[in-house]
Amino acid sequence: MTIATLEQKFVHDLADIYDAEHRFLEAQQTMHAHATAPELKAMIKDHIAQTHQQIGNIEQIYQQLGNAPQRVKCDAATGLVIEGQKGLEESKMNPAVRDCVIGSAIAKVEHYEVASYRGLVTSAESMGQNQIATLLRQNLQQEEQTAQLVEQSTPLLIERAMAAQQRAL
């Protein structure tokens, strides 16, 4: 895809996050299956529902632009998913540590998504696409909330992993 105009950059970035959301949705389902902390499982479950809505919002944006939804392979998402899968495999012997790995992987994903949506919102506003900016802002707010939730849960997950480690000694 050639990017010669800001509009083309916007469409490319939209296709990138559309692909990323699909990749992250699959990864969340895997992480939900492997998480043991009840609050972590609940957070992932809630975010899976939000991700479905975010994908729907992106599809609405494509419709408003008069384009069919398109996925452009998001190498960053691919890398984050691979890193998360690797962490799951490497921490499979200790569920409490695995929950910390899952939390860390989610935080990394959320920050990538926040950065992506902030850029898209700014671009949409600059192009006078206020309805599109509103849909993108909804996605951004959900990603920011999830990032905040996972960051708030991190100390508890680490505390539980440390306690489990101490009991094992």
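For the range 125-153, filtered to residues that are of a type in the set (Val, Ile, Thr) and crowded, with 16+ Cβ neighbours inside 10 Å, the residue that is farthest from LEU25 (Cα to Cα) is ILE132. Tell me, yes or no, whether the range 40-54 has at least one residue that is surrounded by 15 or more Cβ atoms within 10 Å (Cβ to Cβ), among the β-branched types (Val, Ile, Thr), farther than 20 Å from GLU144 by Cβ and modelled with pLDDT of 95 or more. No, the conditions are met nowhere in the range 40-54. Here the range 77-101 is the region considered, the condition is being among the small types (Gly, Ala, Ser) and surrounded by 18 or more Cβ atoms within 10 Å (Cβ to Cβ), and the residue that is nearest to ASP13 (Cα to Cα) is ALA77.
For every residue, the table says whether it meets (1) closer than 19 Å to THR146 by Cα; (2) among the charged types (D, E, K, R); (3) part of a helix (DSSP H, G or I).
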{"residue": "ASP13", "(1), (2), (3)": "no, yes, yes"}
{"residue": "HIS22", "(1), (2), (3)": "yes, no, yes"}
{"residue": "GLN28", "(1), (2), (3)": "yes, no, yes"}
{"residue": "GLN70", "(1), (2), (3)": "no, no, no"}
{"residue": "LYS92", "(1), (2), (3)": "no, yes, no"}
{"residue": "VAL101", "(1), (2), (3)": "yes, no, yes"}
{"residue": "ALA105", "(1), (2), (3)": "yes, no, yes"}
{"residue": "VAL109", "(1), (2), (3)": "yes, no, yes"}
{"residue": "GLY119", "(1), (2), (3)": "yes, no, yes"}
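Among residues that are part of a helix (DSSP H, G or I), under 17 Å from the mean Cα position of the chain (by Cα) and either over 18 Å from GLN50 (Cα atoms) or modelled with pLDDT of 95 or more (or both), LEU157 is not included.
The values are calculated or read from the model by the stated rules, or taken from the named source; none is laboratory data. Just so you know, these numbers come straight off a predicted model, no measurement behind them. Backbone-built Cβ (ideal geometry, glycine too); neighbour counts: all protein chains shown.
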